[in-house]
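Below is one structure, written out as structure tokens, with a few remarks after it.
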Amino acid sequence: MQSQPTDHQFIQTAHTRLPHLSDLNSTSLDATQSVTEPTQFCSHFVDSMDMYADLPTVSSYLDAHSDWFHRCAHPMQVDSIGRNSYALTVGSFGAFGYEVEPKVGLDLLPQNDGVYRIETVPVPGYSTPSYEVDFRAALELVEGTHPATKTGSASDKMTQVQWQLDLTVTIQFPRFIQALPEPIIQRTGDRVLRQVVRQVSRRLTQRVQEDFHASHGLSMPKRSRKWL
């Protein structure tokens with residue numbers, strides 16, 4: 001009996017760059033490269049970070065993202081594409097014998113009643129390959145009291161940045177991948193999604209937290225391991 005292939009076997013295959021949609025739509029494709037319906041992976045993530053300062057101080061810092069976004073996103077490549085938007089080259093991710101290096105346009109919208117939103121925007125002059133990333137995050141500021149103090153003075157304030165992310169990745173797989181068992185495709189897609197989140201949101205969140213406290217001469221709070 002022939003054994004079913006595992007996720008590990010597929011991930012370890014030789015990497016090739018995903019073809020562009022223009023190539024996939026070409027009439028010169030052979031049978032193994034026939035176009036099928038795109039496969040969509042959707043996930044919802046929730047996390048938070050503590051800032052040992054009052055809400056106005058944290059809000060003022062977040063508003064001035066042009067001062068910190070580039071250095072906090074490092075080592076990811078960042079290019080400004082608008083007043084509030086950036087093109088982020090995330091890094092290389094591979095699965096099913098393919099390797100992609102996603103570039104995502106992120107628009108950091110001005111706050112609205114203490115809520116910040118980040119949405120995807122087109123990257124000027126960038127030809128979209130056979131994948132698409134829809135990144136929609138919301139960050140809400142909630143002020144409280146520093147857990148180590150009880151005085152309630154302004155210097156004892158703590159602001160928690162609570163964020164949630166809805167991430168959708170759409171991939172135009174060639175037909176031979178569509179022939180694989182659906183559970184393998186789904187598990188591998190979920191794994192890639194979590195990689196993208198770690199590379200973009202989770203890493204960026206931690207770097208922002210560290211940068212804020214260092215730039216304000218504040219002690220860094222212990223990292224919460226909440227990851228839903």
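Summary table below
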| item | result |
| --- | --- |
| The stretch 177-201: number of residues that are crowded, with 17+ Cβ neighbours inside 10 Å and not β-branched (V, I, T) | 4 |
| Subset tally (residues that are without any contact (Cβ under 8 Å) to a residue 24 or more places away in the chain and among the charged types (D, E, K, R)) for the stretch 171-202 | 2 |
| Within the stretch 103-126, considering residues that are out of contact with any strand residue (DSSP E or B) (no Cβ under 6 Å at 6 or more places or on another chain) and more than 15 Å from I81 (Cβ to Cβ), the one modelled with the lowest pLDDT | D113 |
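One line per residue, one yes/no per condition, for (1) of a type in the set (A, V, I, L, M); (2) part of a helix (DSSP H, G or I); (3) at pLDDT below 75:
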position	(1), (2), (3)
Q160	no, no, no
D166	no, no, no
L180	yes, no, no
G189	no, yes, no
V208	yes, yes, no
D211	no, yes, no
K226	no, no, yes
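The values are calculated or read from the model by the stated rules, or taken from the named source; none is laboratory data. Given the structure is predicted, the values throughout are model-derived calculations rather than measurements. For neighbour counting, all protein chains shown are included, and Cβ atoms are generated from backbone atoms with ideal geometry for every residue, glycine included.
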